[in-house]
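Data block below; observations after.
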Amino acid sequence: MKKLIFSYILIFYSCFSHAQDKQAVVKVLETQRQAWNRGDLEGYMQGYWKSDSLVFVGKNAPVYGWQSTLGRYKKAYPNKAAMGQLQFDIIQVKVLDDTNAFMLGAWHLQREKDAPGGYFTLWFRKINGEWKIVCDHTS
């Protein structure tokens with residue numbers, strides 16, 4: 001009986017913990033969206049792992065490292081008008097374990113003359129108690 005009760009407690013804790021982690025992962029994206037819409041690329045980049053091991057895969061080629069990813073964003077979006085207003089549609093979030101999560105979603109920019117968009121997959125890792133994007137594949 002004690003084993004059964006202990007098992008239920010572990011299952012409950014795991015479900016509760018993963019729900020909190022899922023909310024924290026979604027919050028990373030919301031914080032990024034707000035920074036983007038202010039024209040704050042450095043603020044946007046705070047959602048990424050500040051490491052040379054960060055990987056960003058776009059349509060041209062992979063970019064490695066936090067600083068290189070920031071440089072790529074600055075080149076592609078040199079001013080607030082080019083950045084436009086960003087929206088995300090989160091399709092799926094899966095907390096894989098205590099330190100890894102996966103997200104699938106769509107992005108949309110609204111700019112004066114166009115409205116580009118596409119899809120993304122993100123791999124999040126909990127690093128020093130914070131969820132950070134460690135790999136971003138955006139099309």
> Could you give every pair whose Cβ atoms fall below 9 Å, whose first residue belongs to the range 117-138 and is acidic (D, E), and whose second residue is buried (at least 18 other Cβ atoms within 10 Å of the Cβ) and not in a strand (DSSP E or B), counting only separations of at least 6 or pairs across chains?
Replying inline: E130/V28; D136/L54; D136/T69
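Among G43, G47, G58, which is in contact with a helix residue (DSSP H, G or I) (Cβ under 6 Å, 6 or more places away or on another chain) and over 18 Å from I127 (Cβ atoms)?
On the way: G47 fails: over 18 Å from I127 (Cβ atoms); G58 fails: in contact with a helix residue (DSSP H, G or I) (Cβ under 6 Å, 6 or more places away or on another chain).
Being in contact with a helix residue (DSSP H, G or I) (Cβ under 6 Å, 6 or more places away or on another chain) and over 18 Å from I127 (Cβ atoms) holds for just one of G43, G47, G58, which is G43.
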> If you go through the range 91-104 one residue at a time, do you hit one that is surrounded by 11 or more Cβ atoms within 10 Å (Cβ to Cβ) and modelled with pLDDT under 95?
Replying inline: no
> If you scan the range 30-56, which residues turn out to be over 16 Å from G84 (Cβ atoms) and part of a loop (DSSP other than H, G, I, E, B)?
Replying inline: W49, K50, S51, D52, S53, L54
>> Quick test for you: out of L41, L96, L122, pick the one residue that is within 26 Å of Q20 (Cβ to Cβ) and more than 13 Å from the chain's Cα centre (by Cα).
In response: L96
> Give me the pairs: first residue in the range 99-110 and within 19 Å of K22 (Cα to Cα) and among the acidic types (D, E), second residue modelled with pLDDT under 95 and outside any strand (DSSP E or B), beta-carbon distance under 7 Å, and six or more apart or on different chains, which are they?
Replying inline: none
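The values are calculated or read from the model by the stated rules, or taken from the named source; none is laboratory data. Only a predicted model underlies this, so the values are computations on that prediction, with no experimental measurement involved. When we count neighbours, we look across all protein chains shown, and the Cβ atoms used for this are built from the backbone with ideal geometry, even at glycine.
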